[in-house]
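Note sheet for the following structure.
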Amino acid sequence: DNIKKANDILKGIANDENQIKNLIIKSNEKINIDIHNISIHNVEEIKKVTEKNQIELEKTEKERISIVDLLEEHKKLLTSNQLLYEIQTNSIGYIQNSDKCPICSSFINDKNSLIFDLKKELNNISNKENLFKKEIALLEKKLKKTETELEDKKETRQLIEVIDTIINGIIEKQFNFYDELNSISELS
């Protein structure tokens, strides 16, 4: 019975080791753990991987937050720029129709020159708007990429936690195996 129990424990350990190997293969080798060195004496390997993953996870989350903040700032600037464009457009229309300043209602002597300057400024505002839109598009792409990286790292963390649980089970089984071996030697 003791030999059978010891043999069953060894089979359980082999099963657990195969399960770990399969998990790592399915994870597209996102994490680097030496399967053959998993033992009571080398549990530090999984701790190193866990710590490295935690550092990468925190770094990626900080990067994501900074991109979101920058994206919000650019969107605010774009909105302000669009409002300014609308104000300029309305001012040009008002000046063309009434020959008066839209702010102080005083008469404008050189209406064409003022309209030309306002249209030039309108063109600058339009160029800025296009730049903001390009920046926003780039930031959105970068945010999407960073969020994908973050999700990958979270999946890796879950995988590491599963592997850690299995390793702890292997260690316990190894202790049970040695207990069975000791009881066999005592019987003999």
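The values are calculated or read from the model by the stated rules, or taken from the named source; none is laboratory data. As the structure is a computational prediction, the values presented were derived from the model and not from experiment. Using ideal geometry, Cβ is built from the backbone for each residue, glycine included, and neighbour counts are taken over all protein chains shown. The accessibility values were calculated without ligands, DNA or RNA, using every heavy atom of the protein model including side chains. Shrake-Rupley method; radii C 1.70, N 1.55, O 1.52, S 1.80 Å.
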Q. Just a yes or no: is a residue in segment 174-187 open to solvent by 70 Å² or more (accessible area, probe 1.4 Å) and outside any helix (DSSP H, G or I)?
A. no
Q. Out of all the residues in segment 22-46, which are open to solvent by 50 Å² or more (accessible area, probe 1.4 Å) and modelled with pLDDT of 80 or more?
A. 22
Q: Say whether the condition of being surrounded by 11 or more Cβ atoms within 10 Å (Cβ to Cβ) and either at pLDDT below 85 or over 22 Å from residue 152 (Cα atoms) (or both) is met by at least one residue in segment 52-61.
A: no
Q | Subset of segment 47-106 (residues that are of a type in the set (S, T, N, Q) and outside any helix (DSSP H, G or I)) | A | 105, 106
Q: Scan segment 53-93 for residues that are touching a helix residue (DSSP H, G or I) at 6+ places or on another chain (Cβ under 7 Å) and in contact (Cβ under 8 Å) with a residue 60 or more places away in the chain and report the count.
A: 13
Q: Filter segment 84-104 down to residues that are under 22 Å from residue 129 (Cβ atoms) and at pLDDT below 85, then give me how many there are.
A: 1
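Please count how many residues of segment 86-122 are in contact with a Lys or Arg (Cβ under 9 Å, 6 or more places away or on another chain) and aliphatic (A, V, I, L, M). So that I can check it myself, show each step before the final result.
Pass one, segment 86-122, residues in contact with a Lys or Arg (Cβ under 9 Å, 6 or more places away or on another chain): 88, 92, 94-96, 99, 106-108.
From the residues that got through so far, the ones that are aliphatic (A, V, I, L, M) too are 92, 95, 108.
Of the residues in segment 86-122, 3 are in contact with a Lys or Arg (Cβ under 9 Å, 6 or more places away or on another chain) and aliphatic (A, V, I, L, M).
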Q: Give me a count of the residues in segment 83-119 that are in contact with a Phe, Trp or Tyr (Cβ under 9 Å, 6 or more places away or on another chain) and loosely packed, with under 13 Cβ neighbours inside 10 Å.
A: 1
